[in-house]
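Read the structure below first, then the notes.
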Amino acid sequence: MKLLDLFLKNKTQEVKDYETLLALSGNPDTPLELINSLRIQQGLSVLVDRDRFPKGTRILSKHETNKLFPKEPYLLEIKLKDTDSVPEVWYKGERLDESPKGLVDVSYHWKTDGFTNDDRGANDITIQYFSSFNDKYPDMKTIGHKRDM
């Protein structure tokens, strides 16, 4: 099985920690550039046969790779464990629902502007939270974005 076939097969499966694991086939024609592209640019973990690399080649760990090529955080992430749970809310990489912060309200609405190839749609984001409960006078913060069609 070729590397690209393994990539496509594993990409559709849910893997622990949401990572896709790739394995190299014994095919020496698989270019190392493709492997590095998948590993570094796409942020995928890759299982490799170290004998394929020239002697003296240093293979970076995932931690080292993340330090060299940090990923831009998503603008907004909302995660629910189930329908009865409090949502985990991340805004620009910062978690807003954990102590000492206190999440109050999260609202996200997106609507298509038509089914065109360049559909940007309209969105409305509102997040209200307390930055800290340690202050004498708690101050509720509001983050809002609105884009009309």
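Please treat every number below as a calculation from the coordinates, not as lab data. None of these values were measured; they are calculated from a predicted model. Ideal geometry is used to build each Cβ from the backbone, glycine not excepted, and the neighbour counts take in all protein chains shown.
Here the simple spin-label model places points 7 Å from the Cα toward Cβ, and for THR83 and ARG95 these points are separated by 2.6 nm. Taking other C-beta atoms within 10 Å as the exposure proxy, ILE127, ILE143 rank ILE143, ILE127 from fewest upward.
Between rounded, prolate and oblate, where does region 70-134 land on the alpha carbon gyration tensor, with a ≥ b ≥ c its root eigenvalues, rounded for a/c under 1.5, else prolate if a/b exceeds b/c?
prolate
Note on ARG120 and LYS67: with the Förster distance fixed at 25 Å, the Cβ-Cβ geometry gives a FRET efficiency of about 0.15. Between HIS145 and LYS55, the FRET efficiency from the beta-carbon distance, with R0 = 35 Å, is close to 0.10. Would you please give the residues with an amide H less than 5 Å from that of ASP97, counting only those at least 5 places away or on a separate chain, with H modeled from the backbone geometry? The answer is VAL89.
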